[in-house]
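Participant: Have a look at this one.
The values are calculated or read from the model by the stated rules, or taken from the named source; none is laboratory data. Model, not experiment: these values are computed from the prediction. For neighbour counting, all protein chains shown are included, and Cβ atoms are generated from backbone atoms with ideal geometry for every residue, glycine included. Areas reflect the complete protein model, heavy atoms only, side chains present, ligands, DNA and RNA absent. Shrake-Rupley method; radii C 1.70, N 1.55, O 1.52, S 1.80 Å.
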Amino acid sequence: MKKNQIDFITMGCSKNLVDSEQLMRQFKNQGYRCVHDAKRPQGEIAVINTCGFIESAKEESINTILEFVEAKNEGRLSRLYVMGCLSQRYQQELEESIPEVDKFYGKFNYKQLLSDIGPARSDDVSSETFGESREKMSAGRVITTPRHYAYIKIAEGCDRHCAYCAIPLITGRHVSRPIDDILREVEALVAEGVKEFQIIEQELTYYGVDLYGKPQIAELVSRMADIKGVKWIRLHYAYPNQFPLELLDVMAAKPNVCKYLDIALQHISDNMLDRMRRHVTKQETLDLIKTIRERVPGITLRTTLLVGFPGETDDDFNELVDFVRETRFERMGAFVYSEEEGTYSARHYEDDVPEEVKQRRLDKLMAVQQEISADIESAKVGQTLKVIIDRKEGNYYVGRTEACSPEVDPEVLIPAENRRLRTGCFYDVKITDSDEFDLYGVV
């Protein structure tokens, strides 16, 4: 057990990761050494940032808490704290069922940890604590990702209230950060060597409405792209209803805005879209996809789909499969419906699609997408693509094109035997082979 060390474990999405990074920076300023996602408890204090989005994520968060409780009971950990979405929603229940946790914090009061834990004991603080030997500190955060990219959270909360989603129950209403505040953070990160920025929020196409009276995502991205040193900007978690088309003009005009858009569609059947309270129709969705691809040629579209929602018929599902086949998304993820208490669907619908049917539909949909993905990736063989190197792994350097977001999309594997490549640098890579998951190439 290392004195004055805090182990941070972040569950769930990259928005939680940003919260952890900000908290780690402040604890470093108080004299602590902070380690992110340690494989086992090492420090005297642990902070678990939980996810409470769907049942599987809640189970993973609870299991992680219990693992650290066991370490505390065995004397391998002195204090244990829990924060994030799960404890925001279920704090009282967690306090009663897992009393070994020293204190639970929600999604918005977690900075009380700083005063509750207090400064590090000065007699045990090493010079390394205040240095940058393990992580890069900038813009009020400890960057835990590779040094060349970072996530930028531009807002919190959501006003959409889709029938299945518990996020508004956890995070509350949509609250945008001011544009100038975001740009200052980007400038600070660029000064520390960050080149690539993943722009995230629950629903980025709504950004700015609460502050400026209208969507300002296009203005924000345009001004961000003009900052010297910003090489790539990638956009995550758009919403199809009332999509700000001016954003497409920025994507087409600015070479450092990746031709990439993560836009969650969930379904295509009008029956399902209505029951899901998505406030968009099938035809509006088809028209939007057509417009996006026309105005930003070569764009990579990533979407997320949901199967097994209450009332989903075979016809609804088959319509979804046909839509995926015809649209040929470059990237796609899918999930089975998980009933979340307090949501509209939990209150008004019966979870009437059997679990085995949900899983069978998911498997079929992903099999269709796997064929599409393999076909799309194989078409890149022979092309020369701009690739940023993320890491070296075994006998390969591993990188990404602008069509690939970290951790969720295919990667480019480059044999390491012939030359040395630098992490965080760009190279022109000729693609020599592919499979349904990755590309292979040579510089």
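Participant: Taking every pair of alpha-carbon atoms in region 7-97, give the share separated by more than 17 Å as a whole percent.
Facilitator: On the way: 1920 of 4095 pairs.
Of all Cα-Cα pairs in region 7-97, 47 percent lie more than 17 Å apart.
Participant: Still on this structure: Counting only heavy atoms of protein chains, what accessible area per residue, in Å², does the chain have with a probe of 1.4 Å? Spell out each step's value before the answer.
Facilitator: Details: 19220 Å² over 443 residues.
Result: 43 Å² per residue.
Participant: What is the Cα centroid distance between region 21-90 and region 214-285, reported in whole angstrom?
Facilitator: Taking the Cα centre of region 214-285 as reference, the centre of region 21-90 is 33 Å away.
Participant: Next up: By its C-alpha gyration tensor, with a ≥ b ≥ c as the square roots of the eigenvalues, how is region 201-277 shaped: rounded for a/c under 1.5, else prolate for a/b larger than b/c, else oblate?
Facilitator: prolate
Participant: Relative contact order of region 237-298, please, whole-number percent, based on alpha carbon pairs below 8 angstrom and at least 6 residues apart.
Facilitator: 40
Participant: For region 36-84, just say rounded, prolate or oblate: build the C-alpha gyration tensor, square-root its eigenvalues into a ≥ b ≥ c, call rounded for a/c under 1.5, and beyond that prolate if a/b exceeds b/c, oblate if not. Intermediate values should be presented prior to the final figure.
Facilitator: Details: a/c = 2.31, a/b = 1.92, b/c = 1.20.
In terms of gyration-tensor shape, prolate.
Participant: Something else now. Considering every pair of different Cα atoms, what Kirkwood radius, in Å, is found for the chain? Mind showing how you got there, number by number?
Facilitator: On the way: mean 1/r = 0.0428 Å⁻¹.
Answer for the chain: a Kirkwood hydrodynamic radius of 23.4 Å.
Participant: Run the accessible area of the chain with a 1.4 Å probe and give the carbon-and-sulfur part as a rounded percent. Walk me through the numbers on the way to the answer.
Facilitator: Details: 8810 of 19220 Å².
Of all accessible area on the chain, carbon and sulfur atoms account for 46 percent.
Participant: Consider just the alpha-carbon atoms of region 266-355 and return their Rg together with their Dmax, both in angstrom.
Facilitator: For region 266-355, the Cα radius of gyration and maximum Cα-Cα distance read 14.1, 43 Å.
Participant: If R₀ is 22 angstrom, what is the calculated FRET efficiency for the pair residue 29 and residue 116, using the beta carbon separation as r and rounding to 0.05?
Facilitator: 0.90
Participant: Right, here's the next one. In percent, what relative contact order does the chain have, based on Cα pairs under 8 Å that are 6 or more apart in sequence?
Facilitator: Computed value for the chain: 10 percent relative contact order.
Participant: With charges set only on the Cβ (+1 for Lys and Arg, -1 for Asp and Glu), what does the dipole of region 155-279 come to about its Cα centre, in debye to the nearest 20?
Facilitator: The calculated dipole for region 155-279 is roughly 220 debye.
Participant: Across region 296-309, in residue order, what do the Karplus-derived ³J(HN,Hα) couplings come to in whole Hz, using 6.51 cos²θ - 1.76 cosθ + 1.60 with θ = phi - 60° and x for Gly and Pro?
Facilitator: Each residue's phi maps through the Karplus curve to give 10, x, x, 5, 9, 9, 10, 9, 10, 10, 10, 10, x, 5 Hz.
Participant: To continue, here is another question. Suppose we keep just the DSSP beta bridges with both residues in region 131-223; what percent of those would be antiparallel, to 5?
Facilitator: Restricted to region 131-223, the bridges split so that about 50 percent are antiparallel.
Participant: Considering the chain, which cysteines have no disulfide-compatible partner, defined as another cysteine with its Cβ under 4.7 Å away?
Facilitator: 13, 34, 51, 85, 158, 258, 404, 425
Participant: What distance in nm separates the simple spin-label points at residue 344 and residue 314, each placed 7 Å from Cα in the Cβ direction?
Facilitator: Label-label distance for residue 344 and residue 314, simple model: 2.9 nm.
Participant: Of the listed peptides 362-371, 4-13, 158-167, what is their order by residue-averaged count of other C-beta atoms within 10 Å, with the highest listed first?
Facilitator: Ranked from most to least packed, the peptides come out as 4-13, 158-167, 362-371.
Participant: Among the trypsin sites (Lys or Arg not before Pro) within region 30-65, which fall in a DSSP loop and have no more than 11 other Cβ atoms within 10 Å of their own Cβ?
Facilitator: Here the sparse-neighbourhood loop sites are 39.
Participant: P(r) for region 282-440, please, calculated from all Cα pair distances in 10 Å bins and given in %.
Facilitator: That works out to 9, 31, 28, 20, 10, 2, 0, in percent per bin.
Participant: For the chain, what proportion of DSSP beta bridges, expressed in % and rounded to the nearest 5, is antiparallel?
Facilitator: Numbers: 23 of 65 bridges.
In the chain, approximately 35 percent of DSSP beta bridges are antiparallel ones.
Participant: Ordered by packing density, taken as the mean number of other Cβ atoms within 10 Å over each peptide's residues, highest first, how do 300-310, 68-78 rank?
Facilitator: Details: 300-310: 22.0, 68-78: 15.1.
Top of the packing list down: 300-310, 68-78.
Participant: Something else: Under the rule a/c < 1.5 gives rounded, and otherwise a/b versus b/c splits prolate from oblate, where does region 131-284 land using the Cα gyration tensor? Let's see the in-between values first.
Facilitator: Details: a/c = 2.10, a/b = 1.69, b/c = 1.24.
Here region 131-284 falls in the prolate category.
Participant: Could I ask something else about it? So for region 284-416: antiparallel DSSP bridges make up what percent, rounded to the nearest 5?
Facilitator: 60
Participant: Net charge within 14 Å of residue 297 by Cβ-Cβ distance, Lys/Arg positive one each and Asp/Glu negative one each, not counting residue 297 itself? Working shown, then result.
Facilitator: Details: positive: 259, 290, 293, 295; negative: 249, 294, 330, 402.
Net of charged neighbours comes to 0.
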